Amino acid sequence: MRVSRSLTIKQMAMVSAVTMLFVFIFCVILLFHSVQQNRYNTASQLESIARSVRGPLSAAILKGDIPQAETILQGIQPAGIVSRADVVLPNQFQALRMSFIPERPVPMMIMRLFELPVQISLPVYSLERPANPQPLAYLVLQADSYRMHKFVMSWISTLVTTYLLLTLMLTVALTWCINRLIVHPLRRIARELNDLSPQDQVGHQLPLPRLHHDDEIGMLVRSYNINQQRLLRQHDELNSHATRFPVSELPNKAFLMAMLEQAVERQQTTALMVVACETLQDTAGVLKESQREMLLLTLVEKIKSVLAPRMSLTQVSGYDFVILAHGVKEPWHAITLGQQVLTVINERLPIQGIQLRPSASIGIAMYYGDLTAEQLYRRAFSAAFSARRKGKNQIQFFEPEQMEKAQQRLTQESDILTALDNNHFAIWLQPQMSLLTGRVESAEALLRVQQPDGSWELPDGLIDDIESCGLMVTVGHWVLEESCRLLSAWQERGIALPLSVNLSALQLMHPTMVSEVLELINRYRIKPDTLILEITESRRIDDPNEAVAILKPLRNAGIRIALDDFGMGYAGLRQLQHMKTLPVDVLKIDKTFVDGLPEDSSLVQAIIQMARSLNLTIIAEGIETDTQRDWLAEAGVEIGQGFLFARAVPSDQFEQRYLTDARHHEKA
Ligand code: C2E
Ligand code: CA
Ligand code: CA
């Protein structure tokens, strides 16, 4: 974990900004105040100067002695602050003007802001007739504005430097304090939590940082420690005997909730199933305590017997069990499990001389990573209530559409299994002809299902449905066994015609496939080289090494392998490079390439060349026209399969049509 912007930086910026703002306001006030003070001082100085010359000046004016008056005014100059002196007569007529200091320019803004220049005006009275209130003239003195300007400037610069320094000092000091007192302890805590190993997490305690016992950081650490202790207690409780339900000794609700929390945390798709056993409820007070205990224990054992090891059974009340069905990812799987649970619960039960037939209601809630543990729990219970309302031994999903989906899926599954049981599945055979001689060289076994109208076909998507129901291995095994039965019957009659059987990728990856095929060959005593397994390129067998590992033992036993639909798979041409390592004997060129013949022949040609170089037998699929056949024969393809020769037919018809002549009979 990294900090992208430290608390120290943020808080330093904030302290600086706020301090600067206040310092600015403070400086402005201070400046105006001192300038005002200075103006006042200047004015009083001017006034006392004026007063000192007022007597002689009035005498000179009364006598009309202008040179005398000028001399008197000249005496003011050494004071240095007066820039100009005027004598103005009461009728505003200017009688005399003396400038002492040349005017120096002062910015207009300063003049306006501080009301410059500073001026005073003093009336001059006649000394001989003091009773006369009329002044003789006015003495007007004006202070030097430039001096004032200089004073303002020096004040501003002093203030700014002083207070900027102050701001800086304050910021650094505050930052240092916060860094020491907050940032460092927080960082230490974060680092310690970060470095915590998973096994130390429960019950982990943080040390109280020094000097922080009584502040907020101390509070944080203490709260954390208290929470941790609480968690530790819960943890211990879960692991202790206290989490078991009496009598059944099953884990109780606290345990279940903890497990649910875990599942929710990991976002694991799962199903929660509430099994509400009405019989336990109904027999309360009717059966003796020992009988009820017996009933409970028997039921628990029965439910346990149908659960996979990863699932857990808990008891949350006297009559309610909850199954956390880990590994159940789809509604149909959940409902199948529910049915198994119901079946074992419903079995007749003799309890100390009393015959019981227990019943239960089952509610299921699926978890797809979108609920809290509590919500999931409540959903499953509410489903169990609605199951109960529907009658005895009902299973109900919380979400109706999940019920529907599960039922659809189960119907499909049961339809397939029923069809298999009732011989509605059959193997039809399509011949594979030598393009050279026109004789049958082998046959492909194709699955057919009897339709409601009695016809036989392979409905679109059926193979996919079988795969998605998880029945591919069952059906595939049936096809293999049927094919082996056919081969064995032929071989008993001395016919050594090979038979190709399609193997889906799911079958190929199934762990017991190899042993099952070998077992069939042994059981039916068929020549291994008459069985050809057709595998299709697919994502699942994209890794040639894996395919080799799976197919090697079969090939070692003599079974042949054909690569079906060659060129169609997304890995088609890439696979060419791996062909040397793939244990394959036959290559089937897909119908889409044959369709393009003879115009689009480059790819077919490439495939043929490659197959030759690897010594593989080539079969061209889906030949429908003479031109296609001729082109392929010309190109050296040995075997062809397609409607031009024949469609798939039932095995008896196939035998009549192709196996009556003696050519396929072995030369003993
Ligand atoms: P596939 O293995 O490529 O089988 C060849 C399909 O092409 C068959 O369709 C066959 O009837 C059809 N076909 C043969 N010649 C021609 C022709 O000249 N023109 C045309 N238009 N079609 C031709 P089918 O029997 O419907 O099988 C479809 C697919 O179902 C098969 O393709 C195979 O992938 C799968 N399948 C069939 N039976 C089984 C089986 O027993 N097990 C497994 N795993 N898959 C099977
Ligand atoms: Ca095939
Ligand atoms: Ca094919």
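Report the charge-dipole magnitude of region 240-413 in Debye, nearest 20, computed about the Cα centre from +1 at each Lys and Arg Cβ and -1 at each Asp and Glu Cβ. Write out the running numbers ahead of the final one.
Numbers: 19 positive and 17 negative charges, 59 e Å.
Dipole magnitude for region 240-413 comes out near 280 debye.
Tell me, what is a quarter of the convex hull surface for the C-alpha atoms of region 426-665, in nm² with one decimal?
Over all viewing directions, region 426-665 projects a mean Cα-hull area of 12.9 nm².
Can you compute the radius of gyration and Dmax for region 289-373, using only the Cα atoms, both in Å?
In order Rg, Dmax, the Cα atoms of region 289-373 give 14.2, 49 Å.
Tell me, rounded to the nearest percent, the portion of alpha carbon pairs in region 392-538 spaced more than 28 Å apart.
Within region 392-538, distances greater than 28 Å cover 30 percent of Cα pairs.
When you take every Cα atom in the chain, what is the radius of gyration, and what is Dmax, the widest Cα pair distance, in Å?
Radius of gyration, then largest Cα-Cα span, for the chain: 53.1, 173 Å.
Keeping all protein chains in the complex and leaving out DNA, RNA and ligands, what accessible area do you get for Val88 with a 1.4 Å probe, in Å² to the nearest 10?
Answer for Val88: close to 30 Å² accessible.
What accessible area per residue, rounded to a whole number of Å², is obtained for region 426-665 using a probe radius of 1.4 Å?
It amounts to 46 Å² per residue over region 426-665.
Looking only at the chain, where both bridge partners belong to it, what percent of the DSSP beta bridges are antiparallel (to the nearest 5)? It would help to have the intermediate numbers written out before the result.
Values: 56 of 81 bridges.
The answer is about 70 percent antiparallel.
Counting only protein heavy atoms and using a 1.4 Å probe, what share of the accessible area of the chain belongs to carbon plus sulfur, as a whole percent?
55 percent
Compute the acute angle (0 to 90°) between the alpha-carbon long axis of helix 145-178 and the principal axis of greatest extent of the alpha-carbon atoms of the chain; round to the nearest 10°.
Approximately 30 degrees, to the nearest ten.
Give me P(r) over region 125-220, computed from all C-alpha to C-alpha distances, binned every 5 Å, as integer percentages.
Once binned at 5 Å, the Cα pair distances of region 125-220 give 2, 9, 10, 9, 7, 6, 6, 6, 5, 5, 5, 4, 4, 4, 3, 3, 4, 3, 2, 2, 1, 1, 0.
Taking the highest mean first, how do the peptides 96-109, 333-346 order by number of other beta carbon atoms within 10 angstrom per residue? Please report the intermediate quantities before stating the final value.
On the way: 96-109: 12.9, 333-346: 19.6.
Per-residue mean Cβ counts within 10 Å order the peptides as 333-346, 96-109.
May I have the convex hull volume per residue, in Å³, for the Cα set of region 78-194?
Given the Cα convex hull of region 78-194, per-residue volume reads 202 Å³.
Hey, if we sort Trp490, Trp456 by accessible area with the 1.4 Å probe, largest down, what's the order?
Trp456, Trp490
Would you mind checking which residues have amide H under 5 Å from Leu533's amide H? H placed 1.01 Å from N; only 5 or more apart, or other chain.
Correct list: Val501, Arg560, Ile561, Ala562.
Farthest toward the dipole's positive end in the chain, which of Met169, Ile559, Ala69, given Cβ charges of +1 (Lys, Arg) and -1 (Asp, Glu) about the Cα centre?
Of the listed residues, the answer is Ala69.
Region 240-413: Rg/Rh from Cα coordinates, Kirkwood Rh? Spell out each step's value before the answer.
Values: Rg = 15.7 Å, Rh = 16.2 Å.
Taking Rg over the Kirkwood Rh, I get 0.96.
With +1 assigned to the C-beta of every Lys and Arg and -1 to the C-beta of every Asp and Glu, and no other charges, what is the dipole magnitude of region 426-665 about the Cα centre in debye, to the nearest 20?
Magnitude of the dipole: close to 920 debye.
Given Cβ point charges of +1 (Lys, Arg) and -1 (Asp, Glu) and nothing else, what value in debye, to the nearest 20, does the dipole of the chain about its Cα centre take? Mind showing how you got there, number by number?
Details: 63 positive and 71 negative charges, 856 e Å.
My answer is approximately 4120 debye.
Kindly express, to the nearest 10 degrees and within the range 0 to 90, the angle between helix 184-194's C-alpha long axis and the longest C-alpha principal axis of the chain.
With rounding to tens, the tilt is 0 degrees.
Convert 25 °C to kelvin, take the viscosity as 0.890 mPa s, use the Kirkwood radius over C-alpha pairs of region 7-126 as Rh, and evaluate the Stokes-Einstein diffusion coefficient in µm²/s, rounded to a whole number.
Result for D is 138 µm²/s.
To the nearest 10 Å², what's Val28's accessible area with a 1.4 Å probe?
Number for this one is 60 Å².
The values are calculated or read from the model by the stated rules, or taken from the named source; none is laboratory data. Keep in mind that this is a model prediction, so the values were computed, not measured. Cβ sites come from the backbone with ideal geometry, for glycine too, and all protein chains shown count toward neighbours. Ligands, DNA and RNA are excluded from the accessible area calculation, which covers all protein heavy atoms including side chains. Shrake-Rupley method; radii C 1.70, N 1.55, O 1.52, S 1.80 Å.
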